[in-house]
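Chemist: Structure in structure tokens, see below.
Here, each number is a calculation from the coordinates, and none is a lab measurement. Remember, it's a predicted structure, so these values are computed and weren't measured experimentally. Cβ atoms come from the backbone with ideal geometry, glycine included; neighbour counts cover every protein chain shown.
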Amino acid sequence: MTEETVRRFPGLTAVVVGDVMLDSWLQGQVSRMAQEAPVPVVSVDQIEDAPGGAANTAANLAALGARVHLLGVAGADPAGTALIGSLLRHEVDGPIITRGRRTAVKRRVMSGGQMVARYDEEDRSPVPASVERELVSQIREIADLAHVVVVCDSGAGVCTEAVREALAGLPLLVVDAYDPGLWRDTGPAAVLVRQDACDLVADEPFDTTGAPIVVTDDGGGAVVLREDRPPYRTHPNQSDLVGAGAGDTFTAVFALALAAGADAATAADLAQAGADVVSRRPGTAVCDADDLLAELGPRQAMPAKVLAERVATEREQGRRIVFTDGCFDVLHPGHVTCLEQARRLGDVLVVGVRDDASAARRKAPDRVVNSAEDRAAVLAGLGSVDYITLVEDDSPASLLRLIRPDVYVKGGGGHPDLLPEARLVRELGGEVRLVERR
């Protein structure tokens, strides 16, 4: 289901409203220590400018294939010119209002891949009344044309009360907010909040609309909080943060996934994959659809507990779960045919791949050609396969009890009742089907 969701991104229209800034990266070598203080002197030889804040979310949306309109406020100054130029390179349309304040800038001084210093310039006062009126007018003019409206509110003065009122009641409003309480009356579809703002969520429960809250933590994944349902956690596929803007990427992917019809948990998984992509890249990076699909492939071999959560979410959406298992070493046309037939028996196909030890016991150690990781990666490239997990035992019984499939499928002839798992599957409320290997 995840690949199908990403394939729907092109053609969607998104409007982004919020606090834009310029991310500037100054690269150079440390030549000596300063005489005035014990700090390094960096001889800057390269400056890279990129959209930051709401502008970076817009750039990610465009990279993912959406048509994007960005509403924000910058200054009529060199930083504002650099910001608009960087947005044009990402094919992001304005309007950006360039009056009423100076452009916010984050400057990072880098040497040898390490950040030596960072200094910010920003104006966090509310925008002037005339600029506010123009923002409200633009929102009313273009917001209704969008499949999703994304708000990036970092508290820098753009999202005033009048702006929030203009955004209230839109069909699909996704808010990335430093203070979610300010948005409780706007009727959002989802609210994203950083980990360091969790106290705001705890002190003032955001429960007036039933919108899911997604708590993000740079490098540590995210937690989806929904009414009357257990929390759902995403699992990052990286450890070291190299670049910046992973939160902006998460917001962009999450919003487009909702617009493409995904539920909050699926959207969060996709958003986590996008955040993983940019976290490994230097500077302020973006994630495009190809990056996202490539990241999703190897991550499909997920732990059994995570798989159970995903299957539960799919089932809550009314989808029929099909499960099959095997070694899949080496993948051949018969495998592909069986998987395609299995997928047609339901809505979601889960494949259990025997791990190296189990495969060796089944086939003999000298007959196992590919590792479980490689076998799973090949299966992940098939359009018929939705989720992959590893089978560590000689029998998939523990997995069957965990995910309780509606249909258990095996390839080959004979009678379904002869399968060792047939009795268990039926006890769990499922059916057993055999498909031909052609």
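Chemist: From the square roots a ≥ b ≥ c of the eigenvalues of the alpha-carbon gyration tensor of the chain, which class results: rounded (a/c under 1.5), prolate (a/b over b/c), or oblate?
Modeler: Prolate, since a/c reaches 1.5 and a/b exceeds b/c.
Chemist: Sticking with this one: What percent do you get for the relative contact order of the chain when only Cα pairs under 8 Å and 6+ apart count?
Modeler: With pairs under 8 Å counted, the relative contact order is 12 percent.
Chemist: I need the shape label for segment 259-377. Rule: rounded when a/c is under 1.5, else prolate if a/b > b/c, else oblate, with a, b, c from the alpha carbon gyration tensor.
Modeler: Cα axes put segment 259-377 in the oblate bin.
Chemist: Ok, one more. At a 10 angstrom cut-off on C-beta neighbours, averaged per residue, how do the peptides 144-154, 376-386, 183-193 rank from highest to lowest?
Modeler: Result, highest mean first: 144-154, 183-193, 376-386.
Chemist: How would segment 111-150 be classified by its alpha-carbon gyration tensor: rounded, prolate or oblate, with rounded meaning a/c under 1.5 and the a/b versus b/c comparison settling the rest?
Modeler: Oblate, because a/c is 1.5 or more while a/b does not exceed b/c.
Chemist: Another question about this same structure. Based on other C-beta atoms within 10 Å, arrange 319, 101 from fewest to most.
Modeler: Lowest count first: 319, 101.
Chemist: Here's a follow-up. For residue 401 and residue 344, compute 0.36 nm times the residue count separating them, minus their Cα-Cα distance, and round to one decimal in nm.
Modeler: 18.3 nm
Chemist: Tell me, how many Å apart are the Cα centres for segment 349-396 and for segment 1-56?
Modeler: 40 Å
Chemist: Moving to a separate point now. Filter the GluC sites (Glu not before Pro) in segment 341-438 to those in DSSP coil with at most 11 other Cβ atoms within 10 Å of their Cβ, and list the result.
Modeler: Values: sites: 373, 392, 421, 427, 431, 436; in loops: 392, 421, 436.
Loop-located and lightly packed - 436.
Chemist: Then there's this: Out of the DSSP beta bridges found with both residues in the chain, what percent are antiparallel (nearest 5)?
Modeler: Details: 27 of 79 bridges.
The antiparallel proportion sits near 35 percent.
Chemist: Relative contact order, percent, of segment 304-438 when contacts are C-alpha pairs under 8 Å separated by at least 6 residues?
Modeler: 29 percent
Chemist: Taking neighbour Cβ counts within 10 Å as the exposure measure, how do 251, 57, 234 sort from fewest upward?
Modeler: On the way: 251 30, 57 33, 234 24.
Exposure proxy ranking, most exposed first: 234, 251, 57.
Chemist: Whole angstrom only: what separates the Cα centroid of segment 79-135 from the Cα centroid of segment 138-163?
Modeler: Taking the Cα centre of each part, segment 79-135 and segment 138-163 sit 17 Å apart.
Chemist: While we're on this one: What is the fewest-to-most order of 415, 90 by other Cβ atoms lying within 10 Å of their Cβ?
Modeler: With the sparsest Cβ surroundings first, the list reads 415, 90.
Chemist: Quick query: amide H of residue 244 versus all other amide H atoms, modeled in the peptide plane; which residues come in under 5 Å with a sequence gap of 5 or more or a different chain?
Modeler: Amide H to amide H, under 5 Å and 5 or more residues apart or across chains, residue 244 pairs with 283, 284, 285.
Chemist: Work out the length of the dipole vector of the chain about its Cα centre, built from +1 on the beta-carbon of each Lys and Arg and -1 on the beta-carbon of each Asp and Glu, and round it to the nearest 20 debye.
Modeler: The calculated dipole for the chain is roughly 1180 debye.
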